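The block underneath contains the structure these notes are about, expressed in structure tokens.
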Amino acid sequence: MDKINYSKATYISALTVFSAIGAEIANDLGGWDAALVMLIRVIAIDFVLGIVIALVWHCSPKSEDGAFESSASLKGLFRKGAILLIVYIAVQLDMLTHSNGYIRTAVILFFIANEGFSIIENLGIMGIPLPPVIKNAFSAIKKQSGSRNIKH
């Protein structure tokens, strides 16, 4: 009975630590809002699609023969991490300039659009047609990332 309680306590302690780390990261990225959730989702989708393209279609532009390469995958993961680093920098700039989240929002919208276009490109490689409304939505988001009329 003691071994089960120890295992359960260890599990709960680990979850607590990971939750605290996740909360701190979300806070450092300006809060866990719809924009950040969408950004993380499109980052994850694009990363997974890149791996699928390389493994199944062998059409990855990141390798010479189009096949999966772990080094290309690792570089992609670091690039995705760099996007979050740029969001962190944008949060710091917002605090410095008292811009009330404008810079962070513009940066997140830019990267949502950028990752969205990459997703569209990957789906095209897979032969999946996309409705124009989705392409137009990412174009509109990209335009909005550069405008000053972003509402919070």
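The values are calculated or read from the model by the stated rules, or taken from the named source; none is laboratory data. Since we're looking at a predicted model, the values are computed, not measured. Positions of Cβ are backbone-derived with ideal geometry, glycine not excepted, and every protein chain shown enters the neighbour counts.
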Quickly run through region 111-139 and pick out the residues that are surrounded by 12 or more Cβ atoms within 10 Å (Cβ to Cβ), part of a helix (DSSP H, G or I) and among the aliphatic types (A, V, I, L, M). 112, 113, 119, 120, 123, 125, 134, 137
What are the residue pairs meeting all of these: first residue in region 53-81, first residue more than 17 Å from residue 123 (Cβ to Cβ), second residue hydroxyl-bearing (Ser, Thr, Tyr) and surrounded by 13 or more Cβ atoms within 10 Å (Cβ to Cβ), Cβ atoms under 6 Å, and 6 or more apart or on different chains? 69/63; 72/63
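Restricting attention to region 82-101, which residues are more than 24 Å from residue 45 (Cβ to Cβ) and crowded, with 16+ Cβ neighbours inside 10 Å? So that I can check it myself, show each step before the final result.
Let us first name the residues in region 82-101 that are more than 24 Å from residue 45 (Cβ to Cβ), namely 92-101.
94, 101 - these are the residues of region 82-101 that are more than 24 Å from residue 45 (Cβ to Cβ) and crowded, with 16+ Cβ neighbours inside 10 Å.
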Go through 136, 114 for me and flag whichever is at pLDDT 95 or above and polar (S, T, N, Q). 114
Identify, please: which residue in region 82-110 is free of Cβ contacts under 8 Å to residues at least 12 places away in the same chain and outside any helix (DSSP H, G or I) and is, among those, farthest from residue 37 (Cα to Cα)? 98
Got a number for residues in region 111-136 being farther than 28 Å from residue 66 by Cβ and in contact (Cβ under 8 Å) with a residue 12 or more places away in the chain? 0
